[in-house]
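Engineer: Structure provided below as structure tokens; questions to follow.
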């Protein structure tokens, strides 16, 4: 080939026989091709880089071991998801494939999403449970005892479902209580945030405020699939339940359903109805228990009072009479008085004898003035001795008088002087009951100033008889101004 067959470098190249497109035209052609070919597809992959925008749209990527596919869930579809998508979760997305011309990218517009299998959700649930357990949120030491009889119960559930009606019905049957309902979504987008906000909202209520602070919380929902209950497996709900200062009962699903809030709550109920049964006791049973305790308390008090009464009567029979006690005290007083008189006389004699001896020894030696001074000193000492003797006797007499008055105050004679009487039979035994005497039996009625004899007739009324000569003690003479105690000198 000759050199002239090749164009020079500075010569323009002939235009190829191809159509010419603008950037918008080629992007639109690609968009139509992709959407026509993949108008409705199901794609399986692992979620990565999930982001929730303020607009409510959800942006994410789906990947496998060889490729990555961008995806978007518009706000309306995101709110209808039955579970909360998270990074690392394998899912199956249904939607249409399209392009985003502004970035020369293609993406999947997700209309529905479901886990790739229950095993994937359970694996994610188990991984989350282990992480929260490691933090100590499920420790038994964190759990608080439930109040025995809560005055106010806070319920976090849907206001339109059958759950709240079942709870109210059961509470009404067992023990009517005040219930505060915090309405929330129990599944779908935003359900977890609403449940957590309700738990924290109840805890922020101030005791004694316009809205009473509950004594107990119940978080309840009916049964459903794993996806339906997924909101109660969310970390935000579990942390709110663990941080609650108010004791909390979780009643999510049926007996076989288990969610992470069950581990963080203070008590798990198998059903919402069972939660109401756990929350309050049966009022009729409480009333019966209180009545039984009251009956047992009355029987115990009666038995105790009877034993104390019998013990007191036994002690009373062992006490000595007031006259015996007074006679013994008088005997001791007489003995002390005689001993004191003898001692004082002996002391006086000894002092006088000693004084006489001293005077005899000093008389030849002392002058008249010294003798007079000594005599005056001796006389003063003798007077002091006499005063001391009188004071001792007066104090002893006063003590004896006060003891005698005390004995007389406790004497049954004072009771008779107030209008009472002692009735005894012929054998001298005291009659204590109206049922003891029989018709025709003679009785002795003793008053404070004497006794009379009466006979029991058929109606139980006594017939007075001629009073016998009084056998009462002679009246004591009233003590004089000195209390009845004379001077020993």
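The values are calculated or read from the model by the stated rules, or taken from the named source; none is laboratory data. Bear in mind that the values here come from a model prediction, so they are computed numbers and not experimental data. Glycine gets a Cβ as well: all are built from the backbone with ideal geometry, and neighbour counts include every protein chain shown.
Engineer: Would you check which residues across the range 130-155 are over 22 Å from residue 229 (Cβ atoms), assigned to a helix (DSSP H, G or I) and in contact (Cβ under 8 Å) with a residue 12 or more places away in the chain and list them?
Structural biologist: 142, the sole residue that qualifies.
Engineer: Looking at the structure I just gave you, is residue 402 in the same structural domain as residue 338 (by TED's automatic domain parsing), at pLDDT 80 or above, farther than 30 Å from residue 451 by Cα and surrounded by fewer than 12 Cβ atoms within 10 Å (Cβ to Cβ)?
Structural biologist: Here the answer is no, as residue 402 does not meet what is asked.
Engineer: When residue 117 is evaluated against the numbered criteria (1) loosely packed, with under 13 Cβ neighbours inside 10 Å; (2) modelled with pLDDT of 90 or more; (3) more than 18 Å from residue 231 (Cβ to Cβ), which criterion, by number, is the only one it fails?
Structural biologist: (2)
Engineer: Could you check, for the range 140-149, whether at least one of its residues is more than 34 Å from the chain's Cα centre (by Cα) and at pLDDT 80 or above?
Structural biologist: No, every residue in the range 140-149 fails to be more than 34 Å from the chain's Cα centre (by Cα) and at pLDDT 80 or above.
Engineer: If you don't mind, another one. Among the helices (runs of 4 or more DSSP H) confined wholly to the range 156-251, which include 2 or more residues that are at pLDDT 90 or above and over 28 Å from residue 54 (Cβ atoms)?
Structural biologist: Helices (runs of 4 or more DSSP H) meeting the threshold: 162-174.
Engineer: Let me spell it out: the conditions are (1) over 50 Å from the mean Cα position of the chain (by Cα); (2) without any contact (Cβ under 8 Å) to a residue 60 or more places away in the chain, and residue 106 meets all of them except one. Which number is the exception?
Structural biologist: (2)
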